[in-house]
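The values are calculated or read from the model by the stated rules, or taken from the named source; none is laboratory data. The structure presented is a predicted model; accordingly, all values stated were derived computationally and were not measured. Cβ placement follows ideal geometry from the backbone for every residue including glycine, while neighbour counts extend to all protein chains displayed.
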Amino acid sequence: MKKILIMTLLLISLLITGCGTAEKPEDIFQQALKESENLQSFQVDMKMEQKIKMSDMNQALPMNMTSKTKVQTDPEAMYQETDLMGQKVKVYYVNDEFYLKPSDEEKWMKAPQEVVDQINQLTQSQHSPNEQLSQLETFVDELNMEEKKNHYVFSITASGDKMKSYVLKQLRQNELPDQQITEKQLQNMTIHDVEISLEVDKETYYPQTYSMSMKTNSKQNGKTAKTETAIDAAYSQFNQIGEIKLPENVKNNAEKLKP
């Protein structure tokens with residue numbers, strides 16, 4: 001009986017301790033945001049699938065893209081391999097210089113300064129886990145959290161002006177400044193069925209995966225376009241990537257692109 005009483009007291013003590021230290025979703029999210037600020041390097045593998053159907057088209061037009069990006073945060077540097085509908089491109093962004101090599105070209109090419117300036121406006125933040133978390137912070141009170149064995153899963157299904165602003169940022173991250181969505185186009189755009197999911201590692205608090213799916217309707221020149229977009233990203237190699245350097249053969253043999 002004494003042993004049973006002791007075991008019972010121990011169990012109650014563990015339960016009380018566990019309840020007292022349980023982390024709130026908001027605290028976990030903020031910890032993830034804090035930890036991601038200190039990342040020195042990481043890799044992100046992204047896949048985007050999009051279907052666009054115009055009102056005068058019988059079938060939707062698919063557009064699929066995959067990319068693998070290695071990022072160094074200080075100083076900013078990037079190496080990326082992208083496949084857009086079979087068109088493959090390799091990219092180096094080092095020391096404020098931008099080099100690219102399409103799959104159908106034998107030589108590397110160096111982008112002119114005006115293109116580099118536009119890229120600098122985009123910066124590497126579009127790939128950053130910290131940037132994704134920062135943009136989601138406005139929804140922290142609306143996020144649902146599910147605890148798994150090794151990670152936490154944050155999710156949200158939302159609409160409204162806040163979500164429209166968030167989606168607009170996501171869309172603009174993949175555009176050059178002179179191609180950005182205009183305010184008039186934004187007024188004619190309806191965004192709905194937005195679902196976002198983010199996985200955070202329990203031990204490191206680093207984001208593991210990010211996904212977003214949405215549908216949009218827009219009107220332009222009397223035509224309606226319906227778009228379905230799904231973006232999936234997986235983060236890895238945290239602080240494990242060595243210094244990203246521009247290979248000498250690329251630097252010495254690259255041809256200059258004309259403005």
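Of the residues contained in segment 72-84, one or more are found to be over 23 Å from Glu131 (Cα atoms) and at pLDDT below 90.
Just for segment 129-157: of the residues that are part of a helix (DSSP H, G or I) and not hydrophobic (A, V, I, L, M, F, W, C), which one is surrounded by the most Cβ atoms within 10 Å (Cβ to Cβ)?
Pro129
Within segment 124-141, the residues that satisfy the criterion of being at pLDDT 75 or above and in contact with a strand residue (DSSP E or B) (Cβ under 6 Å, 6 or more places away or on another chain) are Pro129, Gln132, Phe139. Annotation note: Cβ proximity below 6 Å between a residue of segment 42-63 that is closer than 26 Å to Phe238 by Cβ and part of a strand (DSSP E or B) and a residue that is of a type in the set (Val, Ile, Thr) and at pLDDT below 85 (sequence gap 6+ or interchain) occurs for no pair. The set of residues in segment 219-250 that are among the acidic types (Asp, Glu) and farther than 29 Å from Ser197 by Cβ comprises Glu243, Glu248. Working only within segment 80-109, note down all residues that are charged (D, E, K, R) and in a strand (DSSP E or B). Glu81, Asp83, Lys88, Lys90, Glu97, Lys101, listed by residue number.
Looking only at residues of segment 71-95 that are closer than 16 Å to Gln240 by Cα and either hydroxyl-bearing (Ser, Thr, Tyr) or surrounded by 15 or more Cβ atoms within 10 Å (Cβ to Cβ) (or both), we find that the one that is nearest to the chain's Cα centre (by Cα) is Val71. When Pro112 is tested against the conditions (1) modelled with pLDDT under 90; (2) under 30 Å from Asn221 (Cα atoms), the lone failure is (2).
Lys53 - would you say it is surrounded by 14 or more Cβ atoms within 10 Å (Cβ to Cβ), modelled with pLDDT of 90 or more and of a type outside the set (Phe, Trp, Tyr)? So Lys53 does not fit the description; no. Only one entry of Tyr206, Tyr210, Tyr166 meets the criterion of being aromatic (Phe, Trp, Tyr), modelled with pLDDT under 90 and crowded, with 16+ Cβ neighbours inside 10 Å, and that entry is Tyr166. The C-beta contact set for segment 217-229 (first residue within 12 Å of Lys53 (Cα to Cα), second residue surrounded by fewer than 16 Cβ atoms within 10 Å (Cβ to Cβ) and of a type in the set (Ser, Thr, Tyr), distance under 7 angstrom, 6+ apart or interchain) comprises Asn217/Thr190; Asn217/Thr224; Lys223/Ser55; Thr224/Ser55. Of the numbered criteria (1) more than 28 Å from Thr73 (Cβ to Cβ); (2) touching a strand residue (DSSP E or B) at 6+ places or on another chain (Cβ under 7 Å); (3) modelled with pLDDT of 75 or more, the one Asp201 fails is (1).
Here Gln40 clears all of (1) surrounded by fewer than 14 Cβ atoms within 10 Å (Cβ to Cβ); (2) closer than 26 Å to Lys223 by Cα except the condition numbered (2). Considering (1) in contact with a strand residue (DSSP E or B) (Cβ under 8 Å, 6 or more places away or on another chain); (2) of a type in the set (Ser, Thr, Tyr); (3) modelled with pLDDT under 85, the lone condition that Tyr92 does not fulfil carries the number (3). Can you confirm whether segment 227-244 contains a residue that is within 21 Å of Met65 (Cβ to Cβ) and in contact with a Leu (Cβ under 6 Å, 6 or more places away or on another chain)? Among the residues of segment 227-244, not one is within 21 Å of Met65 (Cβ to Cβ) and in contact with a Leu (Cβ under 6 Å, 6 or more places away or on another chain), which makes the answer no.
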